[in-house]
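Below is one structure, written out as structure tokens; comments come after it.
Please treat every number below as a calculation from the coordinates, not as lab data. A quick note: this is a predicted structure, and the numbers were derived from the prediction, not measured. Using ideal geometry, Cβ is built from the backbone for each residue, glycine included, and neighbour counts are taken over all protein chains shown.
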Amino acid sequence: MAVNPDPQDLASFVGADWEGPLTMVNLLKFADQADYADADEEPCTGAEAYARYGQLAGPYVIATGATILYQGMVQFKVIGDDSEDWDEVLVVQYPSRQAFIDMIGNPEYQAITHHRTAALSRAALLASRQDESPF
């Protein structure tokens, strides 16, 4: 299961031709135990490793001018199959697609993403922008 961007998907996102605010919807499934196989970190649960990531990533997210619109634990699956049992939803609005690209390209930010990778058993990251005529 994927927890990091596919290089082709990331290249398509970077090469996209649209401007304006970007809303990133994160669907997160935590590992029972964080997988720090390639890093010297204290053992912990996936949720604890994601909390480490969140604390370290927060300043980079804030520096882009982003706003956390929503963060919460999933309580029930109302529609979806058993492979869609997410633990948490995180919705972040960035001022632009470029702001997000600059953040994830920052070497200092990249140095902390091992916490996110260790924390998750799978993830979905959906880039969206508001329709011009919402219902």
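With a 10 Å Cβ neighbour count serving as the proxy for reagent exposure, in which order, fewest first, do Lys77, Lys29 appear?
Lys77, Lys29
Counting helices only, and only those DSSP H runs with n ≥ 4, report the 222 nm mean residue ellipticity of the chain as the sum of -39,500 (n - 2.57) divided by its residues, in deg cm²/dmol to the nearest 500.
-10000 deg cm²/dmol
Once the Cα gyration tensor of the chain is found, what semi-axes does its equivalent ellipsoid get, as square roots of 5 times the eigenvalues, in whole Å, sorted largest first?
24, 20, 14
How long is the gain from Gln55 to Gln75 if the chain were fully straight, where each residue apart is worth 0.36 nm and the alpha carbon distance is subtracted?
So the extension gain works out to 4.9 nm.
Given Cα pairs under 8 Å that are at least 6 residues apart, what percent is the relative contact order of segment 18-78?
Worked out over segment 18-78, it gives 21 percent.
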